[in-house]
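The values are calculated or read from the model by the stated rules, or taken from the named source; none is laboratory data. A quick note: this is a predicted structure, and the numbers were derived from the prediction, not measured. Methodologically, a virtual Cβ is constructed for each residue, glycine included, from the backbone with ideal geometry; neighbour enumeration extends over all protein chains shown. For the accessible areas, the whole protein counts, side chains as well, though only heavy atoms, and no ligand, DNA or RNA atoms are used. Shrake-Rupley method; radii C 1.70, N 1.55, O 1.52, S 1.80 Å.
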Amino acid sequence: MKSIREIYRIGKGPSSSHTMGPAKAAGMYLEHHKDASDFHVTLFGSLAATGKGHLTDVAIEEVLGPAGKVEIEWQPKIFLPFHPNAMKISVMGEDGTRHDEWTFYSIGGGAVKCDELPYEETPDIYPLNSMNELLSWCNKYGKAYWEYVGEMEDSGIWDYLNEIWKTMCDAIERGLDKEGVLPGPLHLRRKAANYFIRAEGYKDVLRTRGLIFAYTLAVCEENASGGIIVTAPTCGSCGVLPGVLYHLKKVYEFSDKRIIRSLATAAMVGNVVKQNASISGAEVGCQGEVGVACAMTAAAANQLMGGSPAQIEYSAEMGLEHHLGMTCDPICGLVQIPCIERNAYAAARALDANIYASYTDGLHRVSFDQVVSVMKQTGKDLPSLYKETGEGGLAKTFI
């Protein structure tokens, strides 16, 4: 498996695959065509179907626009074989002809592959590729998942995770301080500030739930408005993990060191899914985004609350299992409805999975690895209209 830096990326929302990826692709092309002044960009499949709502065109124009004119063509019905999020960039000649066309694929989490360039494959640094293997390692050596991260990554990983945590906290605090309407045709009002104020008026369980909702909403609303967030594992699911960890730190006064260790464990959960299935909504639906975020968060919370490696694995398994089959059907292609609400609800479910697992000895029949395998197959079986194309499910209500 790759470094957990592949799971946590800092960047602008609202979508790692539709915003961060295309912006990176445009930058790669421009780096090799510095003298070009006019560009033609063709977006295909899921990238084209919901690109308007995800600000794909804005992200591309921010990179290529300063160099010259950018013409964007949308082809939502054409899917290239390698990945549903595909785009082609070419130089426009004075006579209107296109030259030096390159094909890019935004493969999830902000990562990009290009047919015309050697893929700069980051090295595999983790010899273990499944949760069962990781759990066996923990039991054999009496260590925790985060300690495995420390042994496999370079010495800079803890500073990197510290930056990740700071960015997550900044997004929450910015989001709690903002009011108004999110960009786009839905005219969706921000809710985080109101949830926070109302939650403070409750006690115990209702207060806990309200604050978790507020913190999660704050991050998601920052993402929806193009703010700086952390993929966890994607932009569309960026609110779940920070929302829960921020709350647990406030309530239990956990040190930043312990929070960062829980981030390492959460990343390993996401890494296993990315290695053996997918975290791309365009490939497997929202189960690969919000479902995986819930699993990562449940694992992190359980570690913070003193869970054993087996209980942590069980928490992650429940977090993902109960999101199996979740479609990716954003209304108007925006990462707003149902995405924001799903993040908030998944945050609550992550805490429930943590509590449930804490009451057990960690033994259970269905392993996390088995759920990942089922998720992958379920994603293959889902029709494309339920995978980030904005053509099915809830998205149809605004067509």
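Summary table
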| read-out | value |
| --- | --- |
| Odd one out for residue 346 among (1) open to solvent by 20 Å² or more (accessible area, probe 1.4 Å); (2) in a helix (DSSP H, G or I); (3) in contact (Cβ under 8 Å) with a residue 12 or more places away in the chain; (4) not acidic (Asp, Glu) | (1) |
| Residue list for the stretch 176-231, restricted to those being in a helix (DSSP H, G or I) and closer than 21 Å to residue 59 by Cβ | 219, 220, 221, 222, 223, 224 |
| From 147, 163, 179, residue being more than 30 Å from residue 222 (Cα to Cα) and not aromatic (Phe, Trp, Tyr) | 147 |
| Boolean, residue 73 is over 22 Å from the mean Cα position of the chain (by Cα), open to solvent by 40 Å² or more (accessible area, probe 1.4 Å) and either modelled with pLDDT of 95 or more or of a type in the set (Lys, Arg) (or both) | yes |
| Criterion: in contact with a strand residue (DSSP E or B) (Cβ under 6 Å, 6 or more places away or on another chain) and under 15 Å from residue 347 (Cβ atoms) - qualifying residue of 238, 294 | 238 |
| Top-ranked residue of the stretch 122-144 - restricted to ones that are closer than 13 Å to residue 308 by Cα and assigned to a loop (DSSP other than H, G, I, E, B), ranked as nearest to the chain's Cα centre (by Cα) | 144 |
| Hits in the stretch 266-290 - residues which are in a loop (DSSP other than H, G, I, E, B) and either aliphatic (A, V, I, L, M) or more than 15 Å from residue 16 (Cβ to Cβ) (or both) | 277, 279, 285 |
| One residue from 353, 300, 310 being in a helix (DSSP H, G or I), at pLDDT 95 or above and either under 19 Å from residue 286 (Cβ atoms) or open to solvent by 60 Å² or more (accessible area, probe 1.4 Å) (or both) | 353 |
| Residue identified as in contact (Cβ under 8 Å) with a residue 24 or more places away in the chain and over 29 Å from residue 207 (Cβ atoms) among 278, 315, 358 | 278 |
| Residues (assigned to a helix (DSSP H, G or I) and either touching an Asp or Glu at 6+ places or on another chain (Cβ under 7 Å) or of a type in the set (S, T, N, Q) (or both)) located in the stretch 366-392 | 368, 370, 371, 373, 377, 378, 379, 384, 385, 386 |
| Leading residue by the ranking (modelled with the lowest pLDDT) among those in the stretch 376-399 that are open to solvent by less than 30 Å² (accessible area, probe 1.4 Å) and among the charged types (D, E, K, R) | 388 |
| Top-ranked residue of the stretch 1-10 - restricted to ones that are touching a Gly at 6+ places or on another chain (Cβ under 9 Å) and either part of a loop (DSSP other than H, G, I, E, B) or open to solvent by less than 10 Å² (accessible area, probe 1.4 Å) (or both), ranked as farthest from residue 57 (Cα to Cα) | 4 |
| Filter pass, residue 192 being over 30 Å from residue 51 (Cα atoms), hydrophobic (A, V, I, L, M, F, W, C), free of Cβ contacts under 8 Å to residues at least 60 places away in the same chain and touching a Gly at 6+ places or on another chain (Cβ under 7 Å) | no |
| Of residues in the stretch 28-58 being open to solvent by 30 Å² or more (accessible area, probe 1.4 Å), touching a helix residue (DSSP H, G or I) at 6+ places or on another chain (Cβ under 9 Å) and in a helix (DSSP H, G or I), the one farthest from residue 219 (Cα to Cα) | 30 |
| Members of the stretch 101-121 found to be part of a loop (DSSP other than H, G, I, E, B) and either open to solvent by 60 Å² or more (accessible area, probe 1.4 Å) or not aliphatic (A, V, I, L, M) (or both), listed by number | 109, 110, 115, 116, 118, 119, 120, 121 |
| Hits in the stretch 254-295 - residues which are open to solvent by 10 Å² or more (accessible area, probe 1.4 Å) and under 16 Å from residue 164 (Cα atoms) | 255, 256, 257, 258, 260, 261 |
| Any hit, the stretch 193-204, residues being touching a strand residue (DSSP E or B) at 6+ places or on another chain (Cβ under 6 Å) and over 24 Å from residue 288 (Cβ atoms) | no |
| Residue check for residue 24: surrounded by fewer than 24 Cβ atoms within 10 Å (Cβ to Cβ), of a type in the set (D, E, K, R) and not in a helix (DSSP H, G or I) | no |
| Test: residue in the stretch 13-20 that is under 21 Å from residue 226 (Cα atoms), buried (at least 20 other Cβ atoms within 10 Å of the Cβ) and either touching a Phe, Trp or Tyr at 6+ places or on another chain (Cβ under 8 Å) or free of Cβ contacts under 8 Å to residues at least 40 places away in the same chain (or both) | no |
| Residues being open to solvent by 50 Å² or more (accessible area, probe 1.4 Å) and free of Cβ contacts under 8 Å to residues at least 24 places away in the same chain - total across the stretch 141-183 | 12 |
